[in-house]
Amino acid sequence: MILEKKKILIMGIRNKWSIAWGTALRAVENGAELFFTYQGEENKEKIEALLSEIPYKKAYICDASKDEDIEKVLKEIKEEYGKLDGIVHCIAHANTEDLRNDFINTSKEGFAHANDVSAYSFVATARIARDIDILNENASLVSLTYYGSTKVLPGYNVMGVAKASLECSIRYLADNLGPQKVRVNAISAGPIKTLSAKGIKDFNSILDVVEEKAPLRKNVTQEEVGDAVAFMLSGMSRAITGQILYVDSGYNIMGL
Ligand code: IMJ
């Protein structure tokens, strides 16, 4: 029970295929008390039906591209339940056309949108959490990233740029929050079939390549990523900050 009594906010749950859900299951098994954010009033019933499968404190609607939404949620949690021990950021979005067309065609608006939702929302969350003093000492902030930040993967395009921005932001945030004993890290998950992977062309062939080439010869699951997130949230990782931890069956080390 490495998260015993720890209060953790998981931002960006969508459905049972979400990495946020794999994380929630592992966090609950490890004794965490959970809060969630999700997007869209219209998803309320679906999200609450999903969450009814586990014990949790509260789920809030939050558009992470709006700083006011993030602030409202964090203030409500602090007032009603007190301080948090961790925040997991599972939020990314790019316009579909920017994942379909060549990267060179990315519009100014599409470039800004991907960075806004996928990277800046984490910076804003960290800052607001600090400003309203909602983080306990030894709190851990964790985001999710992907290898497309570092290498060219077909179709990842502007999301790769946004993840590079997120990963670099993690290092600067780790420096800013380290003196307050708050840690900031990311898990770089291997490809998983989530709603975010739906409709992406050749996704199955990407999964096949990982299975064939990764040292462990398998793809990763939401729960395996969730275990790594639980480790990053826990005191077991107390000397780790500013890092990108690959949870990808070792795929990223291969040259060919
Ligand atoms: C996404 C696009 C292209 C290749 C991809 C992915 N590969 C993987 C993903 C190889 C693993 C999934 N991923 C890591 C993401 O970060 C996905 C982000 C995403 C997905 C969508 C699809 C629907 C949409 N906008 C999106 N924005 C971000 O409209």
Practice task
Go through region 41-77 residue by residue and tally those that are farther than 21 Å from residue 128 by Cβ and either surrounded by fewer than 12 Cβ atoms within 10 Å (Cβ to Cβ) or not basic (Lys, Arg) (or both).
Solution key: 14
Fill in the blank from the handout: Cβ pairs under 7 Å, 6+ apart or interchain, first in region 90-107 and under 30 Å from residue 233 (Cα atoms), second near the ligand (Cβ under 6 Å from one of its atoms) and modelled with pLDDT of 95 or more, ordered by first then second residue, are 92/159; 94/159
Exercise for the section: Might you let me know whether region 27-40 holds any residue that is surrounded by fewer than 16 Cβ atoms within 10 Å (Cβ to Cβ) and not hydrophobic (A, V, I, L, M, F, W, C)? Expected result: yes
Handout entry: Residue in region 183-198 that is under 21 Å from residue 87 (Cα atoms), more than 13 Å from the ligand (Cβ to nearest atom), part of a helix (DSSP H, G or I) and at pLDDT 95 or above present
Key = no
Problem - Candidates 169, 205, 165, 237, filtered to the one that is free of Cβ contacts under 8 Å to residues at least 12 places away in the same chain, surrounded by fewer than 21 Cβ atoms within 10 Å (Cβ to Cβ) and of a type in the set (S, T, N, Q) - result: 205
Handout entry: Residue check for residue 176: in a strand (DSSP E or B) and more than 12 Å from the ligand (Cβ to nearest atom)
Key = no
Practice task
Look through region 140-157, keep the residues that are in contact with a Gly (Cβ under 6 Å, 6 or more places away or on another chain) and not polar (S, T, N, Q), and return whichever of them is nearest to the ligand (Cβ to nearest atom).
Solution key: 156
Completion exercise
The correct count of residues that are surrounded by fewer than 18 Cβ atoms within 10 Å (Cβ to Cβ) and either β-branched (Val, Ile, Thr) or within 16 Å of the ligand (Cβ to nearest atom) (or both) in region 208-234 is 7
Exercise for the section: Look at region 78-95 and say how many of its residues are of a type in the set (Asp, Glu) and either in contact with a helix residue (DSSP H, G or I) (Cβ under 9 Å, 6 or more places away or on another chain) or buried (at least 18 other Cβ atoms within 10 Å of the Cβ) (or both). Expected result: 1
Practice task
Could you tell me whether any residue of region 6-29 is of a type outside the set (A, V, I, L, M, F, W, C) and over 25 Å from residue 188 (Cα atoms)?
Solution key: no
Practice task
Find all pairs meeting these conditions: Cβ atoms under 9 angstrom apart; at least six residues apart or on different chains; first residue within region 29-43 and more than 14 Å from residue 73 (Cβ to Cβ); second residue of a type in the set (Ser, Thr, Tyr).
Solution key: 30/234; 33/56; 33/81
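The values are calculated or read from the model by the stated rules, or taken from the named source; none is laboratory data. All of these numbers come straight from a predicted model, not from anything done at the bench. So basically every Cβ, Gly included, is an ideal-geometry build from the backbone, and we count neighbours across all protein chains shown.
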